[in-house]
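Student: My questions all concern the structure below.
The values are calculated or read from the model by the stated rules, or taken from the named source; none is laboratory data. Bear in mind the structure is a predicted one, so any value in this text is a computation, not a measurement. Counting neighbours? That spans all protein chains shown, and the Cβs are built from the backbone with ideal geometry, glycine included.
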Amino acid sequence: MRLIAGLLFISIFGFYTAPEFTDWAGYNGGNDRNHFSPLSQITPNNVKNLKLAWTYASGGADTINQTTQMQCNPIIIQGIMYGVSAGSQAFALDASNGREIWKTTIREKTPNMTSRGVAFYSSPAHSSKIFFGFGSYLFALDAKTGKPVETFGDQGKINLVEGLKRPGADDYAVLNTPISIYKNTLIVGTRVSETAPALHGDIRAFDANSGRLLWTFHTIPKPGEYGYKTWEKNNYKNVGGANNWMGMAVDPKRGIVFVPTGSAAFDFYGGNRKGDNLFANSLLALDIRTGKRLWHFQTVHHDIWDRDIPAPPNLFTMTVKGKKRDVVSILSKLGFMFVFDRVTGQPIFPIEERPFPASEVVGEKTSKTQPIPLWPLPFVKQSFTEKDVNPWASNKEEIIAELRKSQTGQHFIPLSVKKKTIFFPATDGGAQWGGAAVDENSVMYIPAKQNPVHISLIPLEKTIENSGKSLYVQHCQSCHGQNREGNEDGTIPSLREVHKKYSEPLLTQILVKGRGRMPAFNFLSAAEKKAVLAYVQGLNVAVEGPVKKSTLDFSPFTFTGYTRWYDSQGYPVSSPPWGTLTAIEMNSGKHLWQVPLGEYPELTAKGIPPTGTDLYGGPAVTAGGLIFIAATKDEMFRAFDRKTGKIVWQYKLPNAGYASPSIYSINGVQYVVIACGGGKVKTNSGDKYLAFALKN
């Protein structure tokens with residue numbers, strides 16, 4: 001972490017100076033993804049003197065007339081900060097004062113997206129590069145100028161859709177999480193759609209200087225490959241997903257990359273992909289030199305609950321029976337933690353295969369068992385029943401009545417077409433993409449949500465008229481709602497007035513190319529697209545013209561959507577805490593403390609203890625004894641004493657910081673920086689980065 005400026009600094013920026021730097025060298029702090037800084041200037045005793053040092057307006061929050069977000073964890077290399085704006089442009093700043101050095105103006109026709117950051121690469125023989133995902137493209141930018149490095153790929157970029165295509169699939173692939181780098185090798189995953197037309201989730205490696213493809217690992221195995229028999233015969237042709245959207249971790253000593261994967265598409269029905277479905281919902285250990293599988297562990301067999309691994313792994317060393325062990329751990333949306341020996345894949349703590357209910361849905365065949373770690377204990381509550389309803393919910397009796405008609409009380413209840421199924425924690429956790437921090441003593445700090453969601457399957461009738469409504473039900477309803485109303489927390493917009501906001505050509509473009517989390521629907525014919533757009537405007541018209549015949553095996557079901565459950569006043573229907581921060585001592589696996597993360601001031605004013613809130617983002621932990629985290633709906637940035645979980649400092653941000661902080665030093669001054677993009681759970685969007693340092 002300690003770097004002295006020298007010849008490398010001259011080669012990047014063309015001038016010499018001699019300050020001492022402590023870098024935040026990679027996403028979540030570095031290859032181990034531990035969110036840890038060895039800096040100790042800021043402590044629980046002096047953090048009260050932490051003040052705003054500079055602000056940077058990154059731009060883009062208002063330029064595209066829609067809700068934006070910033071989930072970027074910026075990196076800092078020898079005094080230069082690299083990050084991504086609210087408008088999805090990469091930039092470089094002087095990290096001591098926030099002065100902009102360069103910012104890209106990329107205009108590729110690609111879905112708007114939310115970026116979690118960039119990656120830095122340097123070698124003696126080549127100029128330093130910033131690798132940056134913009135939609136489906138991986139760009140190589142000159143670290144000094146921000147200009148594309150034209151010797152990389154196709155004039156500075158690679159189109160990641162190429163190589164993932166299959167007949168009938170859409171073109172939606174987004175690189176929203178920074179890539180991993182080992183020596184001269186880039187290891188790349190992508191976010192793909194979660195419906196039947198999804199692209200494959202292959203893991204690929206490219207040469208860092210030329211962009212040449214080095215190897216591909218098929219997460220949906222082909223005939224003859226390990227895992228092929230855990231799918232139906234042709235699933236490698238007609239099923240997509242099983243992708244790495246959440247990021248990876250690299251063990252540079254051993255040349256191993258640890259790759260979590262997501263669910264197969266479609267997430268909530270698997271009757272057309274019977275079997276355990278390796279390597280969906282798995283942790284893969286791959287040899288970076290060859291792309292060969294060293295070992296794997298599947299956290300959910302035949303996932304029909306969207307229970308993919310939500311965050312990058314953590315790599316750290318712990319003491320097991322008196323001996324040091326290098327381990328890799330992954331978190332679960334269910335509040336579980338799995339810990340393995342990095343080399344062998346042997347579980348450090350026991351994991352039990354437990355039986356769960358079979359599905360009653362026609363064609364579905366759930367796994368008889370699922371793996372449940374016995375230790376450490378879960379870091380969130382594990383069920384939601386009548387006794388768990390928020391005691392002061394505004395419509396408590398209505399909530400209880402709904403619960404009595406629903407399936408609830410445990411994990412892995414198969415979805416039904418007759419009843420709602422309650423997911424607790426919700427489909428977005430539990431643990432989320434922000435991940436966990438690990439300090440030098442192997443103590444892990446985990447932010448998590450504890451809210452319910454309810455979901456049902458909806459049969460797609462074969463006899464339904466070929467109309468805009470039928471296409472909407474099949475492809476759009478699961479996100480935008482049965483009545484085009486969007487979802488309760490505002491993360492998915494209403495479509496009822498969208499035709500007043502956007503022109504028809506722009507709506508067509510969004511339908512073809514996708515936007516944000518919305519995949520592309522280019523697999524629809526022109527006539528089908530026209531009918532869908534008419535229905536979005538409130539008109540149900542028949543499809544007039546030719547219809548594309550898909551080669552894919554579409555699900556006979558859709559689902560009611562990610563219906564996060566709030567009471568009539570907008571609070572979660574479950575008992576608090578709704579957001580938590582938990583410390584676990586990993587050598588023993590024991591919980592040290594758990595505290596609410598976030599609060600609703602209006603509830604606190606009524607004498608209700610802090611409840612925690614919806615949260616998105618991760619922590620940073622320092623050798624100085626602090627945990628820094630924003631993440632919460634209340635738009636606060638907080639510092640906790642890592643020993644006790646006590647809040648020792650907080651600051652009201654201009655917008656919610658749904659991102660992870662970065663920590664660095666320049667000329668002996670320690671800084672903490674956070675992206676304040678807002679834009680989720682009905683909070684306003686913004687474009688500011690705020691950096692803090694101790695008052696002189």
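Student: Is it fair to say residue 165 is without any contact (Cβ under 8 Å) to a residue 60 or more places away in the chain, surrounded by fewer than 23 Cβ atoms within 10 Å (Cβ to Cβ) and not assigned by TED's automatic domain parsing to the domain that holds residue 27?
Tutor: Against the criterion (without any contact (Cβ under 8 Å) to a residue 60 or more places away in the chain, surrounded by fewer than 23 Cβ atoms within 10 Å (Cβ to Cβ) and not assigned by TED's automatic domain parsing to the domain that holds residue 27), residue 165 qualifies.
Student: I would also like to ask the following. Of all residues being of a type outside the set (Val, Ile, Thr) and not in a loop (DSSP other than H, G, I, E, B) in the range 194-206, which is farthest from residue 237 (Cα to Cα)? Just the residue, please.
Tutor: Taking the candidates together, the pick is 206.
Student: List the pairs whose first member sits in the range 347-368 and is of a type in the set (Phe, Trp, Tyr), whose second member is not in a loop (DSSP other than H, G, I, E, B), and whose Cβ atoms are under 9 Å apart, counting only residues at least 6 apart or on separate chains?
Tutor: If the second residue must be not in a loop (DSSP other than H, G, I, E, B), the pairs left are 349/337; 349/338; 349/339; 349/373; 356/369; 356/370.
Student: For the range 125-162, how many residues are surrounded by fewer than 19 Cβ atoms within 10 Å (Cβ to Cβ) and of a type in the set (A, V, I, L, M)?
Tutor: 1
Student: So, one more: Here is a check on your reading of the model: is residue 469 surrounded by fewer than 20 Cβ atoms within 10 Å (Cβ to Cβ), within 30 Å of residue 247 (Cβ to Cβ) and touching a residue at least 40 places away in the same chain (Cβ under 8 Å)?
Tutor: When the stated conditions are applied, residue 469 does not pass them.
Student: If you take the residues of the range 283-322 that are polar (S, T, N, Q) and crowded, with 24+ Cβ neighbours inside 10 Å, which of them is farthest from residue 240 (Cα to Cα)?
Tutor: So the residue we want is 314.
Student: A further question follows. Filter the range 639-673 down to residues that are surrounded by 18 or more Cβ atoms within 10 Å (Cβ to Cβ), more than 20 Å from residue 596 (Cβ to Cβ) and within 25 Å of the chain's Cα centre (by Cα), then give me how many there are.
Tutor: Total meeting the criteria: 7.
Student: Looking at the range 581-595, can you tell me whether even one residue there is outside the structural domain of residue 74 (by TED's automatic domain parsing) and in contact with an Asp or Glu (Cβ under 6 Å, 6 or more places away or on another chain)?
Tutor: yes
Student: Looking only at residues that are part of a strand (DSSP E or B) and at pLDDT 95 or above in the range 250-265, which one is farthest from residue 164 (Cα to Cα)?
Tutor: If we take residues in the range 250-265 being part of a strand (DSSP E or B) and at pLDDT 95 or above, then 251 is farthest from residue 164 (Cα to Cα).
Student: While we're looking at this one, here's another question. Which pairs do you get when a residue that is without any contact (Cβ under 8 Å) to a residue 40 or more places away in the chain and assigned by TED's automatic domain parsing to the domain that holds residue 78, found in the range 653-680, comes within reach of a residue that is of a type in the set (Phe, Trp, Tyr) and not in a strand (DSSP E or B), reach meaning Cβ atoms under 8 angstrom, with the pair 6+ apart or on two chains?
Tutor: none
Student: Among (1) outside any loop (DSSP other than H, G, I, E, B); (2) under 24 Å from the mean Cα position of the chain (by Cα), where does residue 128 come up short?
Tutor: With (1) outside any loop (DSSP other than H, G, I, E, B); (2) under 24 Å from the mean Cα position of the chain (by Cα) applied to residue 128, the lone miss is (2).
Student: Condition first: surrounded by fewer than 20 Cβ atoms within 10 Å (Cβ to Cβ) and touching a helix residue (DSSP H, G or I) at 6+ places or on another chain (Cβ under 7 Å). Now tell me which residues in the range 391-424 satisfy that.
Tutor: Selection gives 400 alone.
Student: Condition first: buried (at least 24 other Cβ atoms within 10 Å of the Cβ) and in a loop (DSSP other than H, G, I, E, B). Now tell me which residues in the range 180-193 satisfy that.
Tutor: 189, 190, 193
Student: Here are 122, 115, 88, 37: which of them is in contact with a Cys (Cβ under 7 Å, 6 or more places away or on another chain) and outside the structural domain of residue 511 (by TED's automatic domain parsing)?
Tutor: Matching residue, one of 122, 115, 88, 37: 115.
Student: Also, quick follow-up: So which residues in the range 585-613 are buried (at least 23 other Cβ atoms within 10 Å of the Cβ) and closer than 20 Å to residue 316 by Cβ?
Tutor: 586, the sole residue that qualifies.
Student: Mind checking whether some residue in the range 372-390 is more than 30 Å from residue 35 (Cβ to Cβ), aliphatic (A, V, I, L, M) and either touching a helix residue (DSSP H, G or I) at 6+ places or on another chain (Cβ under 6 Å) or surrounded by fewer than 23 Cβ atoms within 10 Å (Cβ to Cβ) (or both)?
Tutor: yes
Student: Report yes if some residue within the range 236-249 is at pLDDT below 95, surrounded by fewer than 19 Cβ atoms within 10 Å (Cβ to Cβ) and in contact with a Ser or Thr (Cβ under 8 Å, 6 or more places away or on another chain); otherwise report no.
Tutor: Looking through the range 236-249, at least one residue is at pLDDT below 95, surrounded by fewer than 19 Cβ atoms within 10 Å (Cβ to Cβ) and in contact with a Ser or Thr (Cβ under 8 Å, 6 or more places away or on another chain).
Student: Moving on to the next point. Within the range 323-344, restricting attention to residues that are surrounded by 12 or more Cβ atoms within 10 Å (Cβ to Cβ) and farther than 30 Å from residue 383 by Cβ, which residue is farthest from the chain's Cα centre (by Cα)?
Tutor: By that ranking, first place goes to 325.
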